[in-house]
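The values are calculated or read from the model by the stated rules, or taken from the named source; none is laboratory data. Fair warning: this is a prediction, and the values are worked out from it, not measured in the lab. Ideal geometry is used to build each Cβ from the backbone, glycine not excepted, and the neighbour counts take in all protein chains shown.
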Amino acid sequence: MELHTILMILLPVAVLGQVDLNALARDTFYKMDVSQDGLVTRIELAGYFNRMDQNGDAKISKHEYTDYITDIYGHSPDLNHYVHTIYDNLDYNNDHHVDQLDYNRNFDRADTNFDDFVDEDEFNRLFMALAQ
Ligand SMILES: [Ca+2]
Ligand SMILES: [Ca+2]
Ligand SMILES: [Ca+2]
């Protein structure tokens, strides 16, 4: 067994290179929900992306996004596929950056009951749509 394969087994979201999207969604939600009240605010969503912003230009490049995700979960072809698909879908206006405009559009898309919070069910629906 290759070391690469062993590392994949240790990761909760990528077992044997197969990404568990539900686990990835759940983990992403917990990382966003800094206050741990089960609701994500616009500020928490922006904060999540700001943690990826290596060069401080208030825009997340695909490179920054990919680095952030693979630093946490490791590399696998399956995960790379989802990372690129999710990034392209997050980039609402297709300008090859994910920034405040895109955060707002995705937040609005997720918040289907218009209470200005994104709960875990709302987030899961958005995440699955972004991963398609
Ligand atoms: Ca940046
Ligand atoms: Ca954009
Ligand atoms: Ca809501």
Those helices (runs of 4 or more DSSP H) lying entirely in the stretch 1-86 with at least 1 residues modelled with pLDDT of 90 or more: 21-32, 42-50, 62-73
Set HIS96, HIS84: member being at positive phi and in contact with a helix residue (DSSP H, G or I) (Cβ under 8 Å, 6 or more places away or on another chain): HIS96
Counted residues in the stretch 113-123 being surrounded by 15 or more Cβ atoms within 10 Å (Cβ to Cβ) and farther than 17 Å from LEU24 by Cα come to 1
Tally, over the stretch 87-132, of residues that are of a type in the set (A, V, I, L, M), more than 18 Å from ASP53 (Cβ to Cβ) and assigned to a helix (DSSP H, G or I): 5
Residue under question is ALA110, and the condition is that it be crowded, with 17+ Cβ neighbours inside 10 Å and more than 16 Å from ligand 1 (Cβ to nearest atom); does it hold? yes
